[in-house]
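First up is the structure itself, then whatever we jot down about it.
The values are calculated or read from the model by the stated rules, or taken from the named source; none is laboratory data. What you see is a predicted model, and the numbers here were worked out from it, not measured in a lab. Neighbour counts are summed over all protein chains in view; Cβ atoms, including those assigned to glycine, are modelled from backbone coordinates with ideal geometry. When the accessible area is computed, the model is the full protein with side chains, heavy atoms only, and any ligands, DNA or RNA have been set aside. Shrake-Rupley method; radii C 1.70, N 1.55, O 1.52, S 1.80 Å.
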Amino acid sequence: AIFLGKLTTELSALSAPDEINRIATRTIGQFFAVDACYFFQTFREMNEVRVLPDWFSDGRRSLEGTYRMLEFGPPEWWEGVQRGAVAVDDVRLDPSTKDYAARYESIEMASYALAPFIHEGRWAACLAVVMKQPRHWTAGEKSLLADIVARVWPLIERTRAEAALRDSEARFRAMVDALPQLAWTAGADGSIDWFNRLW
């Protein structure tokens, strides 16, 4: 609880989604003493996950990019992930992943734990912690991952939306300021509350 509180406080002071992601993955990865940590977005209708910029303890190559879900487990495995935090102690031995072990090993993933973020009934994202060697994941670790993704992913989404809004407003302002005629908006009382630079 102390770790989660401190992490949330630190991240809440930030306004850039990339910075939140970078600091969160590093802090979470170091806290869990894992080899890698990352968030990924899920697109079930396309059978895809998109891994965001990630953190690796040894600075090795990034896993950032788009992957096909069914390259890493059968549909029933992914259905299970949506129901709550899950873990695989050893991809070569777990019944859900052993047939996919070669794919996991190609990205140096021998063990991992995932916690989903469900928003309005839709699986939107996941938090993942990864080991290059087999590892046993405790119920407490899985529970903490679930609590972390529930707090951190909304911060990333909120700052993404705010950044998109700022970008949209800047593009609109540049377009309207380039108009050769006066443009303005007025309040309900008729007072002008915005006008372009021509004015």
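The magnitude of the dipole of the range 1-78, with charges of +1 and -1 set on the Cβ of Lys/Arg and Asp/Glu and taken from the Cα centre, is near 120 debye.
Positive-end ranking of Thr8, Gln82, Leu52 along the dipole of the range 1-102, with charges on Cβ about the Cα centre, is headed by Thr8.
Rolling a 1.4 Å probe over the protein heavy atoms gives the chain an accessible area of 54 Å² per residue.
Rolled with a 1.4 Å probe across the full set of protein chains, the surface gives Ser191 an accessible area near 60 Å². With the charge dipole of the range 1-137 set up from +1 on Lys and Arg Cβ and -1 on Asp and Glu Cβ about the Cα centre, the Cα lying farthest toward the positive end among the listed residues Met109, Gly121, Thr97 is that of Met109.
Rolling a 1.4 Å probe over the protein heavy atoms of the range 41-154, with every protein chain left in place, gives an accessible area that is 51 percent carbon and sulfur.
Listed values for the range 69-78 are Karplus-derived 3J(HN,Hα) couplings in whole Hz (6.51 cos²θ - 1.76 cosθ + 1.60, θ = phi - 60°), namely 4, 6, 7, 10, x, x, x, 5, 5, 5, and x replaces Gly and Pro. Each label was represented as a point 7 Å from its Cα along the Cα-to-Cβ direction; for Leu93 and Ala150 these points are 3.1 nm apart. Toward the positive end of the charge dipole of the chain, with +1 on the Cβ of Lys and Arg and -1 on the Cβ of Asp and Glu, the farthest Cα among Phe31, Leu70, Val152 is that of Phe31. Can you match percent of Cα pairs over 22 Å apart to one of these, [x] 44; [y] 70; [z] 54, based on a calculation from the structure here? Answer by label: [z].
Using helices alone, what [θ] at 222 nm do you get for the chain, with -39,500 (n - 2.57) per DSSP H run of 4 or more residues, divided over all residues and rounded to the nearest 500?
-13500 deg cm²/dmol
Taking His119, His136 and ordering them by how much accessible surface each has at a 1.4 Å probe, largest first, produces His136, His119.
Rounded to the nearest 20 debye, the dipole size of the chain about its Cα centre is 180 debye, using +1 on the Cβ of Lys and Arg and -1 on the Cβ of Asp and Glu.
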